[in-house]
Every structure is written in C-alpha cells, then in structure tokens.
Amino acid sequence: MVNKQEVYGAYDCVANSFLSLMHLHGCRLEPVRQYNWDILYTPDHDLFYGSITPETWMSYLPEHAGMKVETCSLEEVPEEEWCSIPLDTFDLPYIKAYYGKVHQLHHVPSVYRNGKFRVRDPYYQIETEFPASLVHASWAYFGSEIFRFIRVAEREPAYVPPHLAKKNYRESYERYFMDFRNALQMLEDHLKIHESVRFMRYYGSLQTILRNRQLHFMASRHPRAERHRVLIESGWVAVQREIIKMALFHPRDKDSVYESMERVIRYEIDYLRDWQ
C-alpha cells in the first residue's frame, strides 16, 4: 500500500486509487505526481479538484508510463486482477462519517478472489474484504466505470511538465474562479454556515487541492520549484483560513475569500508560465 505521507486528499480518490495500482505494477510515482496538476469544478459532484480527470489519466499513462487503462463493468472484472472500483461510501463501514449516511462515489483498488472482493484503501490506510453481493449493490448505486490497469511496456514514467502547463491555463483558472464564486454564493447566509454539508464539502475540496500541490512540489524537477512552492502552498492555506473566518464570523462578507483565491491563482499562473 502507498505510504500515508504520499497519499492525496480525501476527495482525490481517483488519483489515490490509480497511483496505488501503478505502485502495485512497480511504477515510480514521482514523475506522475509532477504531471498531475489541474484546476476544475465538477457540477455533478459539486466539488473542486486540483488533479487531472480520469480521461486525462487514460491519455497520459500509455504514452508516458507504459500503462494502458481500460474500462469495464463489475461483471467483466477478471479474477485475481487489481482494478479501481467506484463504490458508494454509504456502504463502507470504515468511513464512519459517511457510512449509512452519505451517498458519495469513492474509488478504491480492489481484487476479486474466492467469491469476495478485497479492498485496499490508500487514503484510509485499510485493507479489508467484502462479500461480492455487497460490492455489486454498492457499485450499482452509481454504476460508474471500473478501470483496469494493464502493463504494455516495461519503462518508468517519464518526467513531463504539469498537465495544465500545456493547456490554456488562464482560461481554466478564470472558469474555476467563476465557479468558485457561484458556489460560495449558494452557501446558506446564516451564522451556522460552517455546519452545512456543502460548506464542509467545499472546505474539504480546498484541502485536497493543497495536498495535490504539496505532493507535486515534492516530486517537481523545475529549477525554481522551491520559490513557487512557498507562495502556492501558503496561498492555499490562506484561502482555507479566510473561508473559515467568513463562515464563523462574516457569512455575508466573502470579499476576503475571493481576494485570497485570486492571489493563489496568480501564483499558480506564474508557476505554469515558468514551464514554458
């Protein structure tokens, strides 16, 4: 299992599951962490992300890491092959905050053998078994694609620039900021805003983005990585601090949150431009 100190945040279950499977195949993970940089909002899950999408993983891994990723349904999962299976947190007793309470998609590395599924969750650092009937019911709630990892070339992942550095990153950050503003406007305007489920989801998203950046800079080979790291990591900490202050003391005044977000976005754009 990947060491807890090398695991992404709570909402980055896809990245955690994918890197765990690469680890099982003996891949070096540092180049992958350097590449894994994005910024986006997913309305389906109402979450903000700093990691790349599954579709981007599927493009990157064959070309740069010698791994092919295929999708399948649960009925098509081969026996004795580790896959990334999306389950429902509602059915997972080791996630106590969500078990029997919250339906949320959660990818975990899993293998089918002897009529049971063995789950190895890198974020919660737990390995356990579930009966096939439970896994079938849990997977069916969302019915999302399962990912198989197949080694197609014996080579180490290549060091390449962050994914977003080769895209129109300014446009991505503009879209992200507008989505962030709109999301905060939907938060309840009352003194207990910090107790709302939506607020906790957004705050957890920000923590997860910060964790992505921390792991990126631990692996980055950029010659000026340290200078950018200090600004960007402290910038995301400031956003978290301002959103907590807003929720506790000034629920109707979000300007300081927006300002801190604009600041860290400028830091990130400067860093990505430095890769050109």
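Pairs linking a residue in the range 20-36 that is within 16 Å of Tyr159 (Cα to Cα) to a residue that is among the hydroxyl-bearing types (Ser, Thr, Tyr) and buried (at least 22 other Cβ atoms within 10 Å of the Cβ), with Cβ atoms under 8 Å and 6 or more positions apart or on different chains, are Gln34/Ser220; Asn36/Ser51. For Glu154, the test of being modelled with pLDDT under 95, loosely packed, with under 15 Cβ neighbours inside 10 Å and of a type outside the set (Phe, Trp, Tyr) is passed. If only residues of the range 96-135 that are part of a loop (DSSP other than H, G, I, E, B) and charged (D, E, K, R) are counted, the one that is nearest to the chain's Cα centre (by Cα) is Lys96.
Only one of the numbered conditions (1) aliphatic (A, V, I, L, M); (2) surrounded by 16 or more Cβ atoms within 10 Å (Cβ to Cβ); (3) closer than 18 Å to Gln207 by Cα is violated by Val237, and that is (2).
Restricting attention to the range 42-72, the residues being part of a loop (DSSP other than H, G, I, E, B), modelled with pLDDT of 95 or more and farther than 25 Å from Arg198 by Cβ number 0.
Taken together, the residues in the range 1-41 that are assigned to a helix (DSSP H, G or I) and of a type in the set (Asp, Glu) amount to 2.
Hey, any hits in the range 73-83 for a residue that's without any contact (Cβ under 8 Å) to a residue 60 or more places away in the chain and under 17 Å from Ala15 (Cα atoms)? For the range 73-83, residues without any contact (Cβ under 8 Å) to a residue 60 or more places away in the chain and under 17 Å from Ala15 (Cα atoms): absent.
Of everything in the range 196-223 that is without any contact (Cβ under 8 Å) to a residue 12 or more places away in the chain and not in a helix (DSSP H, G or I), the residue that is surrounded by the most Cβ atoms within 10 Å (Cβ to Cβ) is Ser196.
Filtered by the rule that a residue be among the hydroxyl-bearing types (Ser, Thr, Tyr) and either in contact with a helix residue (DSSP H, G or I) (Cβ under 7 Å, 6 or more places away or on another chain) or in the same structural domain as Phe177 (by TED's automatic domain parsing) (or both), the range 22-42 gives Tyr35, Tyr41. Comparison of Glu174, Glu188 shows that the only residue that is of a type outside the set (A, V, I, L, M) and at pLDDT 95 or above is Glu174.
In the range 37-74, the qualifying residues are those that are closer than 13 Å to Leu19 by Cβ and in contact with a Leu (Cβ under 8 Å, 6 or more places away or on another chain), and the one that is surrounded by the most Cβ atoms within 10 Å (Cβ to Cβ) is Met67. Scanning the range 105-120 for residues that are surrounded by 14 or more Cβ atoms within 10 Å (Cβ to Cβ) and without any contact (Cβ under 8 Å) to a residue 40 or more places away in the chain yields Ser110, Val111, Tyr112, Lys116, Phe117, Arg118, Val119.
The values are calculated or read from the model by the stated rules, or taken from the named source; none is laboratory data. Treat the numbers as computed from the prediction; the structure is a model and nothing was measured. Neighbour counts run over all protein chains shown; Cβ positions are idealised from the backbone, glycine included.
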